[in-house]
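Input: one structure, supplied below.
The values are calculated or read from the model by the stated rules, or taken from the named source; none is laboratory data. Values in this document were obtained by computation on a predicted structure and should not be read as measured data. In this analysis, Cβ positions are derived from the backbone assuming ideal geometry, glycine residues included, and neighbour counts consider all displayed protein chains. Surface accessibility is based on the protein's heavy atoms, side chains included, excluding ligands, DNA and RNA. Shrake-Rupley method; radii C 1.70, N 1.55, O 1.52, S 1.80 Å.
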Amino acid sequence: ILNVEQSPQSLHVQEGDSTNFTCSFPSSNFYALHWYRWETAKSPEALFVMTLNGDEKKKGRISATLNTKEGYSYLYIKGSQPEDSATYLCAPGGDSWGKLQFGAGTQVVVTP
Amino acid sequence: NAGVTQTPKFQVLKTGQSMTLQCAQDMNHEYMSWYRQDPGMGLRLIHYSVGAGITDQGEVPNGYNVSRSTTEDFPLRLLSAAPSQTSVYFCASSSRVPGQGRQPQHFGDGTRLSIL
């Protein structure tokens, strides 16, 4: 079982502000990192799959970076909107068929 | 395109009863997984499968059985329900692209299970 930590556990953001949060994981035996967005009363939706050190992915106002050598990934939300309110989960995996170990998530609340 | 379909959506059981949570996907994905979601604990992997006939344990497998007789279906069986198994259960599937590894997971809508 991997030790996956997401911080902070929750954050409140004013509409229009930008924010970021962290996923930390063991740097050894790394294969890929998944990010998911999970809205209340819905099921998780995939944002990114990242595999290479230095990877940067972008989807609209949301972007992510990956540092596999030090074992962390940042997720950024630029110009937060109320519809960005959700829990953001990261999940590293140890090989191409490996089990994904989910972090507990960062809950983002964007207020108008 | 239905994606990942879970049934039932809600279920209440008495302690000691058995039941099967159904999961089906129509995307021809090799990889299927069952997770449970408990407050403050994120998603924890129960069992997973990398193809028909191949299953393996996840983080919290005790009290659950799985089988994968077809690519499409991956049922989760509770052998003797216990109150500790009260949770929301999610099934997920994904494909694998040679050279790129595992692709993003598609999740079902979840099954909310209460054990009295």
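Can you find, among B:50, B:21, B:4, the residue sitting farthest towards the positive end of the charge dipole of chain B, where Lys and Arg contribute +1 and Asp and Glu -1 at Cβ?
Farthest towards the positive end: B:21.
Moving to a separate point now. Pop the C-beta distance of residue B:22 and residue B:59 into the FRET formula with R0 = 22 Å and round what comes out to the nearest 0.05. Numbers along the way, then the final one.
Working: r = 22 Å, r/R0 = 1.00.
After rounding to 0.05, the efficiency reads 0.50.
Here's a follow-up. Suppose R0 equals 25 Å. What FRET efficiency, 1/(1 + (r/R0)^6) with r the Cβ-Cβ distance, do residue A:52 and residue B:109 give to the nearest 0.05? Before the final figure, lay out each step's value.
Working: r = 33 Å, r/R0 = 1.31.
Given R0 = 25 Å and the Cβ-Cβ separation, E is 0.15.
In debye, nearest 20, what is the charge dipole magnitude of the protein assembly as shown about its Cα centre with +1 on Lys and Arg Cβ and -1 on Asp and Glu Cβ, if you could check?
So the magnitude is around 260 debye.
Roughly how big is chain B's charge dipole about its Cα centre, with Cβ charges of +1 (Lys, Arg) and -1 (Asp, Glu), in debye to the nearest 20?
Numbers: 9 positive and 8 negative charges, 49 e Å.
Using only the charged Cβ atoms, the result is roughly 240 debye.
Further question on the same structure: Between beta-carbons, use under 13 Å as the cut-off and find the net charge around residue B:52, counting Lys and Arg +1, Asp and Glu -1. Don't skip to the answer; put the middle values down first.
On the way: positive: B:68; negative: B:30, B:72, B:73.
Net of charged neighbours comes to -2.
What percent antiparallel are the DSSP beta bridges of the protein assembly as shown, to the nearest 5? Please report the intermediate quantities before stating the final value.
Details: 70 of 79 bridges.
So the antiparallel bridges amount to about 90 percent of the total.
Using a 1.4 Å probe and counting only protein heavy atoms, how much accessible surface gets buried when A and B come together, both sides summed, in Å² to the nearest 100? Walk me through the numbers before you get to the answer.
Values: alone 6490 and 6180 Å², together 10820 Å².
When A and B are taken together, about 1900 Å² of accessible area is lost.
Per-residue accessible area for residue A:40 at 1.4 Å probe radius, Å² rounded to 10?
In the full protein context, residue A:40 sits at about 130 Å².
Give me the percent relative contact order of chain B, please, defined on Cα pairs under 8 angstrom at least 6 residues apart.
On the way: 305 pairs, mean separation 40.2, N = 116.
Reported as a whole number, the value is 35 percent.
With both partners inside chain B, how many of the DSSP beta bridges are antiparallel, as a percent to the nearest 5? Intermediate values should be presented prior to the final figure.
Details: 35 of 39 bridges.
Roughly 90 percent of the beta bridges in chain B run antiparallel, per DSSP.
When only the heavy atoms of the protein chains count and the probe is 1.4 Å, how do B:102, B:112 rank by accessible area, highest first?
On the way: B:102 15, B:112 130 Å².
Sorted by accessible area, descending: B:112, B:102.
Using each residue's phi in region A:10-24, evaluate 6.51 cos²θ - 1.76 cosθ + 1.60 at θ = phi - 60° and report the 3J(HN,Hα) Karplus result to the nearest Hz, with x for Gly and Pro.
Calculated HN-Hα couplings, in order: 8, 8, 10, 10, 7, 3, x, 7, 9, 8, 8, 8, 10, 10, 10 Hz.
For region B:1-76, report the accessible area per residue in Å² (1.4 Å probe, heavy atoms, rounded to an integer).
On the way: 3630 Å² over 76 residues.
Normalised by residue count, the accessible surface of region B:1-76 is 48 Å².
Out of A:28, B:60, B:40, whose Cα points farthest toward the positive end of the dipole of the protein assembly as shown (charges: +1 Lys, Arg; -1 Asp, Glu; placed on Cβ)?
B:60
Would you mind working out the magnitude of the charge dipole of chain A relative to its Cα centre, with +1 at each Lys and Arg C-beta and -1 at each Asp and Glu C-beta, to the nearest 20 Debye?
180 debye
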